[in-house]
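The values are calculated or read from the model by the stated rules, or taken from the named source; none is laboratory data. Worth saying up front: this structure is predicted, and the values here are computed from it rather than measured. With ideal geometry, Cβ positions are generated from the backbone for all residues, glycine too; neighbour counts draw on all protein chains shown. Calculation scope for accessible area: heavy atoms of the full protein, side chains included, ligands and nucleic acids excluded. Shrake-Rupley method; radii C 1.70, N 1.55, O 1.52, S 1.80 Å.
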Amino acid sequence: MSDGAAGTDTAVAADDAGAGDGGAARPGPPAWLLGVGPLVLLAGLLFALFRFGPLGLFDEAFPPVEELTIERIWFPGPGVMKVAVVNGGPEAVTIAQLAVDDAVWSHELDGERTIGRLERRVITVPYPWVEGEPHQVVLITNTGVTFDAGVDVATTAPPVGGRYLGAFALLGMYVGVLPVLLGLLWLPFLRRIERRWVDFFMALTVGLLVFLGVDALLEAFEVAGEVPGAFQGTGLLLMGALGTPLAVNALGRARRNPDGTAAPFQLALLVALAIGLHNLGEGLAIGGAYASGAIALGAFLVVGFLVHNTTEGLAIVAPLARESISIAPLVALGLLAGVPTILGAWIGGFSSSPIAVTLFLAIGAGAVAQVVIELARFFGRRAESGLTAPLNAAGLLLGLAVMYLTGLLVTG
Amino acid sequence: MSDKSGDRGMSRRNLLRAGAVGAAGVAVGGAARALQQGASPEQLQGAAQLVSSHGHVASNDAVGDIQPGGFDPTAFLTDFDYGRVSTLADGRTLREYDMVAIDEDIEVAPGVWFPAWTYNGQVPGPTIRCTEGDRLRVNFRNAGSHPHTIHFHGTHPAEADGVFEIVEPGGSYTYEFDAEPFGLHLYHCHAIPLKRHIHKGLYGTFIVDPPGGREPARELVMVMNGFDTNFDGSNEIYAVNTVGFHYQRHPIKLALNELVRVYLVNLTEFDLINSLHMHGNMFRLYRTGTDLERSELTDTVTLCQGERAVLEFSYRFPGRFMFHAHQSEFAELGWMAMFDVSGEEAPVV
């Protein structure tokens, strides 16, 4: 490190250069080399750690840490079950045997029995599973460690095909698209009422959205716990929940009112987008539950989602109460909010993993948060009727209550 | 792990969970490129199997086979250790045995390894055999990492009981006693914690023949045991003679009308009882083997931990006959086996 002083000089020089925009003229190594230098040293450090470091001592002292996550269990047809496994741990893991319902069973992997870090396998088990009953799978590794997972209700997985794509699309239409469009029909009503009542419904929208956002966030946290360790469920959640409002905000900067609030249409667009992302997560849940037989247990779930989602249409049209808008863009807003339900149902019905669900739910929560911020700004600029004004506060609380009450239909 | 929501209805959260985890989707093209080959015919030769409507061969069996060259359950069946024989001054027979406690990884099902504590590197330990009245000298050396002993069942002085004379790693001890009474006994480590020392594999069969012996027969040693491979207090794998499904995959060959005598010992840990049920036949049961009169004629015997029995039978019909624990769970987790009775009469002994 004899040239340490020279390095300091260079750093100072670079600062000067930044101000004067003439850095290229300075003597010394080029900037890219200074950028890459630490990386080269880092590589050397890593080499030294693995070559000479004390890691070997710990390797000898402790058995390998094995971590397998059973991501999905599904039943393509009678007498066959499939198990998707991911190695989210630091070490390779070898699956030696597999037991279903406390019986060691013949099976086959779509690759080596040893699963490397972040690798994934699908195991085919010819097992006479029983429609409508629970089944439990245990993987036994070569060191005798076990990993288990189960399904509560076994049912034949829908094959990818026109019939099931159509069925899931229809399901998405019923629980996502149509209720939202139905909710849009409140627009003429909103146009007839006084300004303060429009504000009331705007505040109600805030309540609806806060509820949706918190709900999505909690669900994301729950599913994140099931994401294989290396894929960092919490990390996915943060990226979705924080990244989405940042991105939406950055995109939305282009068109704003002079006072800094979003234009009404833009606000409605944001609401629709946020609800759409939220509904994508909802679609995932519905598709996955349907495919695993859960939703088939009660049509009331579909009814619950349907009623619940009608309020989302109201949220979209509330900012447009004083705007003139033709039918086409209005319908487009409704579709933006509703159609993701169908996409979600497809993904959830034919393949879904905790990784995807966590990310989508977090994105939904982040989008909702962004809209709530926009709406709060909107109210903040109107001193005479802020969110804490009695009527508006009542609206917000009513929004929460409406979500809570319609949610009862879903939670049964 | 599984969320037993049952009839409680399904919350939105559970619904999401179901969508994410318990879920069913479909593997793209999975149903189409369904597994055709299944297990090889050799692997399935003894297995209970069925063919699903998709043409898959389903079987309640392990995949693969144990490594060759290690412990061989088939050889173990008939491997009796009579010790080093000499004659004492009073004319009695002295039998000397060397026993070493060794830490050793053993294969308890194909590809599944268990960090065992063993006598002489094997689980179960060697089958010690002698005749009533013989003098036994067992030289025990502890080459393992924990204190161990050998506790023999039967009648003997206190200092040969293997309970209070704990042998530390690197230490040794000699047990000396007379073999009595005749019957089917066992031996195991009696160091504490007892449950762990037994479950880890420190046990074996101890046969004391009656003076004059028993009727000539094809004799087999079967130790019912189990292995808690993930150390959660219940067994993942059950077996006779350690390797789950071994005699299902490698049926024990018997001859027609041949007299067969099974020395059956229960050394299953964590489960109170174990059992043996034989198909297509009945056996004469001699409880503990300490009497030459049969106790009953049956096809199922149930033994508590540490209990044992001698079974005698001969097959009148050729073919494959299962024998297994009548606890279905144990059977399906490995304690499932086969006799393969040939059409040939046994040569006269």
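Go over the candidates A:71, A:91 one by one and state the one that is within 14 Å of chain B (Cβ to nearest Cβ) and modelled with pLDDT under 90.
After applying the criteria, what remains is A:71.
Tell me, please, whether a residue that is in contact (Cβ under 8 Å) with a residue 12 or more places away in the chain, under 17 Å from residue B:276 (Cβ atoms) and either open to solvent by 10 Å² or more (accessible area, probe 1.4 Å) or not in a loop (DSSP other than H, G, I, E, B) (or both) can be found in the range B:189-202.
no
Tell me, yes or no, whether the range A:116-130 has at least one residue that is under 30 Å from the mean Cα position of the chain (by Cα), crowded, with 17+ Cβ neighbours inside 10 Å, of a type in the set (D, E, K, R) and at the interface with chain B (Cβ under 10 Å from one of its Cβ atoms).
no
Answer with yes or no whether residue A:300 is within 13 Å of chain B (Cβ to nearest Cβ), on the phi < 0 side of the Ramachandran plot and at pLDDT below 70.
Taking the combined requirement at face value, the residue satisfies it.
Identify all residues within the range B:304-336 that are outside any loop (DSSP other than H, G, I, E, B) and away from chain A (no Cβ under 14 Å); write none if there are none.
B:304, B:308, B:309, B:310, B:311, B:312, B:313, B:319, B:320, B:321, B:322, B:323, listed by residue number.
Which count do you get for residues in the range B:89-105 that are part of a strand (DSSP E or B) and open to solvent by 20 Å² or more (accessible area, probe 1.4 Å)?
Looking only at that region, the number is 9.
Could you grab me the full set of residues in the range A:279-290 that are open to solvent by less than 10 Å² (accessible area, probe 1.4 Å) and either modelled with pLDDT under 70 or more than 11 Å from every other protein chain (Cβ to nearest Cβ) (or both)?
Hit for the range A:279-290 is A:279, nothing else.
Which one of A:334, A:366, A:338, A:386 is without any contact (Cβ under 8 Å) to a residue 24 or more places away in the chain and either of a type outside the set (S, T, N, Q) or within 14 Å of chain B (Cβ to nearest Cβ) (or both)?
Selected residue: A:386, the only one of A:334, A:366, A:338, A:386 that is without any contact (Cβ under 8 Å) to a residue 24 or more places away in the chain and either of a type outside the set (S, T, N, Q) or within 14 Å of chain B (Cβ to nearest Cβ) (or both).
Condition check: within 14 Å of chain B (Cβ to nearest Cβ), under 14 Å from the mean Cα position of the chain (by Cα), surrounded by 18 or more Cβ atoms within 10 Å (Cβ to Cβ) and not hydroxyl-bearing (Ser, Thr, Tyr). Does residue A:357 satisfy that?
Taking the combined requirement at face value, the residue satisfies it.
Which one is nearest to the other protein chains (Cβ to nearest Cβ) among residues in the range B:68-88 that are among the acidic types (Asp, Glu) and assigned to a loop (DSSP other than H, G, I, E, B)?
So, considering only residues that are among the acidic types (Asp, Glu) and assigned to a loop (DSSP other than H, G, I, E, B), the one nearest to the other protein chains (Cβ to nearest Cβ) is B:72.
Looking only at the range B:110-153, which residues are open to solvent by 10 Å² or more (accessible area, probe 1.4 Å), closer than 21 Å to residue B:265 by Cα and of a type in the set (A, V, I, L, M, F, W, C)?
Matches in the range B:110-153: B:117 only.
Does any residue in the range A:144-160 that is among the hydroxyl-bearing types (Ser, Thr, Tyr) come within less than 7 Å, Cβ to Cβ, of a residue that is modelled with pLDDT under 90 and surrounded by 20 or more Cβ atoms within 10 Å (Cβ to Cβ) six or more places away or on a different chain, and which pairs are these?
A:155/A:292; A:155/A:293; A:155/B:24
I need a count of the residues in the range B:271-300 that are under 15 Å from the mean Cα position of the chain (by Cα) and closer than 25 Å to residue B:128 by Cα.
4
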